[in-house]
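Each reported figure results from applying straightforward, stated rules to the coordinates on display, with no laboratory input. Model, not experiment: these values are computed from the prediction. Ideal geometry is used to build each Cβ from the backbone, glycine not excepted, and the neighbour counts take in all protein chains shown.
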């Protein structure tokens, strides 16, 4: 079996729409009357790894999609999580409640997956990889998960919060500070300023946006409070 049509026949799927994904082919589908998600991987080893992670995380009660089936080395079928994409929600209304719930999600995930190097990171920690459902964030897309320090996830998600339009607003800065403070009440967190500065530099490189390099320098010199300054 080496094609999506043949896989749809095997799992009795009807494809309804395609999600925006640069790395893989991801579809909203219907299986026996229920909505689900079909993720077809370009990297063969990634499917098995993400399926195993989702299976364990869901079994531990974490807010992630329930994995339904696996085609080894190629595809995952998982439940569809209805709700609002967190990127859209935060840009429309950056509620402090979102910062609290995100901190709790990350602390719970990191505690559930300790590693020799610290914890297992979610990886690719951007707002678009969360769905807001029932007052809580649900994490999706764990293909880039890897061992690391908690600050790497937290720095990356804060960078995502601050650099989506509208960027670096007072409300988003307050939300980011609350996220850090609440996480630190739940679990150890060190080096988040360095992780945020690194994430800002990576975003500047990817977008070719030099102004973000100036923001990274402010974080390195003054911490998160430096982002309230005008870098020009």
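Sorting 163, 169 by the number of Cβ atoms found within 10 Å of their own Cβ, with the fewest placed first, yields 169, 163.
Look at 88, 153 and count the other Cβ atoms within 10 Å of each Cβ; fewest to most, that gives 88, 153. Between residue 16 and residue 49, the modelled label-to-label distance comes to 3.1 nm, taking each label 7 Å out from Cα in the direction of the beta carbon. Annotation: peptides 73-82, 124-133, ranked by per-residue average of other Cβ atoms within 10 Å with the highest first, follow the order 124-133, 73-82. Kirkwood analysis of the chain, using all unique Cα-Cα pairs, places the hydrodynamic radius at 18.6 Å. Between 136, 160, 115, the Gaussian network model of the chain with springs among Cα atoms under 10 angstrom shows the greatest mean-square fluctuation at 115. Paramagnetic label reach from residue 58 (point 7 Å along Cα→Cβ; backbone nitrogen cut-off under 13 Å): within region 3-41, residues 35-39.
Where in region 193-213 is the amide nitrogen less than 20 Å from a point lying 7 Å along the Cα-to-Cβ axis of residue 165? It comes to 203-213, nothing else. Computed over region 84-228, relative contact order equals 25 percent, with contacts defined as Cα pairs under 8 Å that lie 6+ residues apart.
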